[in-house]
Amino acid sequence: MIESLIKILESWEIDIKSILAKIIIGSVVFLIFYILGRIFKHLSYRLNSKLLSKHPDLQTIFSAVIYYFFLLVGIYLFLQIVGLEQYFTKILAGAGIVGIIAGFALKDIASNAFSGMLLFIEKPFKKDDWVQLDGQFGKVTHIGLLTTIMANRSGQEVFISNQLIYSGSFINYSVYKRRSIKIQANVLQYPDIAGFKSLLLAEIKNVTQYIPGTDIQLYVLSLGINNSFTFEVYYWVYFEEELQFMNAVSDTILIMDKICKENKINIINTKWISDEDNTTSSGDYGSGG
């Protein structure tokens, strides 16, 4: 039986010894690259664990890329030694077609991943920063490869695709540790605008979060009949947390109520003008303040 098989192979002009030698050499080469891939994957993970300690998902991706690079090189060299590299080329051509199809299907995921890497490199905001992303205002709780998570005012988690962050504008309110308060109101039948301005500016300096030495600006926006006018006051306060900021807004409105009662000035329609946007990538979601 064996002799018959050998004769058949000889009739096909196949050199068994040569093929076995190539397979053994190719297997050794593949094994070397497999071991190198495992070694460099481990070294890469240890190195990235220090550089990317806050991003374990990126550690895994970088280590996997290095490992599969060595693995593919080993497979290619094995096939080349054996003499089957043309099949590898055909496989790559087929994989290219599949890759194009998968690319269209996974383009959003790839875009989110790339945006996540940009967030890691540029660091425009970090965990616990108060930010406005895609029209949503809240405190950042997690920055991932695909999504960024933050807690909004009501304590709900908001998941935002990283792609949306870099496709639009965003605001980090925690960078300078300060934020502006803008209040608008109407004053009825009070002729002394200059006196009212001096009175209000002096009282605002008593707000706990007011930053000493910064300008307090008051603008008259319109004049009405019977000495009525509309004004807007604008000043800076320290900003660490949203609750702290909203307390400062509340204090300002209560100061106006105090001025109204103590000086018999009729102030109406007092409101805070929010500096937050009120639109997202999917449309309006409500008032900013």
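The values are calculated or read from the model by the stated rules, or taken from the named source; none is laboratory data. Everything numeric in this text was worked out from a predicted model, so none of it was measured. All Cβ positions, glycine included, derive from the backbone under ideal geometry; neighbour counts span all protein chains shown.
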Number of positions in segment 32-47 that are hydrophobic (A, V, I, L, M, F, W, C) and in contact (Cβ under 8 Å) with a residue 24 or more places away in the chain: 4
Scanning segment 211-235 for residues that are outside any strand (DSSP E or B) and small (G, A, S), which turns out modelled with the highest pLDDT? S228
The lone condition R46 fails out of (1) closer than 30 Å to T141 by Cβ; (2) out of contact with any His (no Cβ under 9 Å at 6 or more places or on another chain); (3) surrounded by 14 or more Cβ atoms within 10 Å (Cβ to Cβ); (4) modelled with pLDDT of 70 or more is (3)
Can you tell me which residues in segment 189-210 are surrounded by 15 or more Cβ atoms within 10 Å (Cβ to Cβ) and either outside any helix (DSSP H, G or I) or not aliphatic (A, V, I, L, M) (or both)? Y190, F196, K197, E203, V207, Q209, Y210
Among the residues of segment 158-181, how many are among the basic types (K, R) and surrounded by fewer than 18 Cβ atoms within 10 Å (Cβ to Cβ)? 2
Filtered residue count, segment 138-182, keeping only those that are at pLDDT 90 or above, of a type outside the set (V, I, T) and under 30 Å from P212 (Cβ atoms): 11
Considering only residues that are assigned to a loop (DSSP other than H, G, I, E, B) and of a type in the set (D, E, K, R), look in segment 243-279 and name the one that is farthest from F196 (Cα to Cα). D277
